[in-house]
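Below: one structure, written as structure tokens.
Derivation of every value follows stated rules applied to the coordinates shown; laboratory data play no part. For clarity, every value in this text was computed on a predicted model and none was experimentally measured. Here Cβ is always computed from backbone atoms with ideal geometry, including for glycine, and neighbour counts include all displayed protein chains.
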Amino acid sequence: MIRLFVAITIADTVRQRLAGLSGGVPGARWMEPESLHLTLRFIGDVHEDQAIDIDEALTALRAPSFALTLEGVGVFGSARRARILWTGVERNEALSHLQAKVESALVRCGLPAEERKFTPHVTLARLRDPPPDRLGRFLTDNGLFRAGPMMVDRVTLYRSHLGNGGSAYEALSDYPLGSLTGSSP
């Protein structure tokens with residue numbers, strides 16, 4: 001079994017800006033800059049033969065490239081039990097369209113439909129009991145954060161290796177995006 005997800009890799013210039021945010025929140029385990037990504041669809045554990053079907057489905061994916069801007073910061077979980085610190089994404093119809101196409105391709109190759117609503121974000125840190133005042137200060141100080149725009153010209157199939165220090169991500173395949181001139185979406 002291998003653990004997979006489909007994501008957008010964050011451009012180096014934007015990654016550097018995100019790395020500059022790391023710090024100031026006790027109890028935060030910050031993501032390594034090279035691990036920063038925007039998940040389009042978490043797949044989970046699959047057999048090797050199903051991974052081949054997933055690769056074929058993503059190879060057939062057709063969508064235009066587009067620009068994406070990251071903005072703001074927030075948390076998943078309640079203020080008292082925050083568990084993920086993230087940066088959000090400026091509203092972007094092309095991103096929503098791409099995510100829907102990825103979801104549709106994966107369902108067609110036999111995966112169950114994702115039940116959770118797509119909430120585009122880049123995870124900055126995993127949190128363990130951060131002091132609410134320090135977390136609140138970080139959110140206030142960085143609430144107007146913006147990075148980008150960056151061009152999204154491909155999606156990537158990643159393998160996640162779980163370990164004691166968190167997950168390590170391995171890019172397995174890239175799927176280029178581009179012009180749809182002369183083809184139907």
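Would you confirm, using the coordinates I've provided, whether Phe145 is out of contact with any Ser or Thr (no Cβ under 8 Å at 6 or more places or on another chain), among the aromatic types (Phe, Trp, Tyr) and closer than 26 Å to Thr13 by Cβ?
On the way: out of contact with any Ser or Thr (no Cβ under 8 Å at 6 or more places or on another chain): no; among the aromatic types (Phe, Trp, Tyr): yes; closer than 26 Å to Thr13 by Cβ: yes.
Considered against the rule, which asks whether it is out of contact with any Ser or Thr (no Cβ under 8 Å at 6 or more places or on another chain), among the aromatic types (Phe, Trp, Tyr) and closer than 26 Å to Thr13 by Cβ, Phe145 comes out as no.
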>> Could you check segment 66-90 and list, in sequence order, the residues that are outside any strand (DSSP E or B) and exposed (fewer than 15 other Cβ atoms within 10 Å of the Cβ)?
In response: Gly77, Ser78, Ala79, Arg80, Arg81, Arg83
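What do you reckon, is Gly24 surrounded by fewer than 18 Cβ atoms within 10 Å (Cβ to Cβ), out of contact with any Cys (no Cβ under 7 Å at 6 or more places or on another chain) and in a loop (DSSP other than H, G, I, E, B)? So that I can check it myself, show each step before the final result.
Working: surrounded by fewer than 18 Cβ atoms within 10 Å (Cβ to Cβ): yes; out of contact with any Cys (no Cβ under 7 Å at 6 or more places or on another chain): yes; in a loop (DSSP other than H, G, I, E, B): yes.
Criteria met by Gly24.
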> Which one of these is among the aliphatic types (A, V, I, L, M) and under 28 Å from Arg80 (Cβ atoms): Leu177, Leu135, Leu111?
Replying inline: Leu135
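Would you kindly identify the strands (runs of 3 or more DSSP E) lying entirely within segment 93-185 that contain at least 3 residues that are surrounded by 12 or more Cβ atoms within 10 Å (Cβ to Cβ), more than 15 Å from the chain's Cα centre (by Cα) and at positive phi?
Details: elements: 121-127, 146-152, 154-163, 166-176.
Fully inside segment 93-185 and qualifying: nothing.
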